[in-house]
Amino acid sequence: LNNNLCLNVTREEVFRAFYGNSNSPREVRTLTHSIEESTHLLCKRAFISESRLLRALTKSSRFQSDVFNLLQEVGQDAVENIFRSRHVGRDAAAACEWILSEHIDERSGYSFDIFIPSCNLVIEVDGPS
């Protein structure tokens with residue numbers, strides 16, 4: 001065999017062969033990152049939609065409703081005093097109710113039984129139906 005084989009290939013041809021286009025590696029990394037980011041956002045949106053659907057189809061337990069009602073009766077000031085070390089201020093919750101039942105977090109997609117925004121407090125209620 002001839003050991004003096006010489007290939008005359010341009011950089012663009014190599015990129016086209018490996019990446020399907022003639023972009024530079026930085027452009028390829030940027031494209032890959034944006035595809036991964038888009039996929040992440042699509043998955044997150046799907047997770048949030050599924051959480052909302054499950055919450056709509058699932059009825060709260062009586063015990064969970066009792067805990068929520070008790071917290072409402074005790075009142076915001078008392079609850080915030082109990083959890084003062086976690087208190088983040090009422091401004092953080094100014095745009096919504098002080099206590100939320102069946103809350104779905106928009107950042108994570110997780111569903112919470114009870115959420116108190118001013119204390120950044122989540123309560124998951126497990127017990128008899």
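Every read-out reported here was derived from the displayed coordinates using simple, explicitly stated rules and does not represent laboratory data. Note that the structure is a prediction, hence the values are computed from the model and not measured.
Data for the structure
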| quantity | calculated |
| --- | --- |
| Net length gained if the chain between Arg16 and Lys44 were fully extended (0.36 nm per residue, minus Cα distance) | 6.8 nm |
| Interchain or long-range residues, amide H under 5 Å from Leu121's placed H | Ile116 |
| Under 5 Å, built H, 5+ apart or other chain: amide partners of Ile104 | Phe112 |
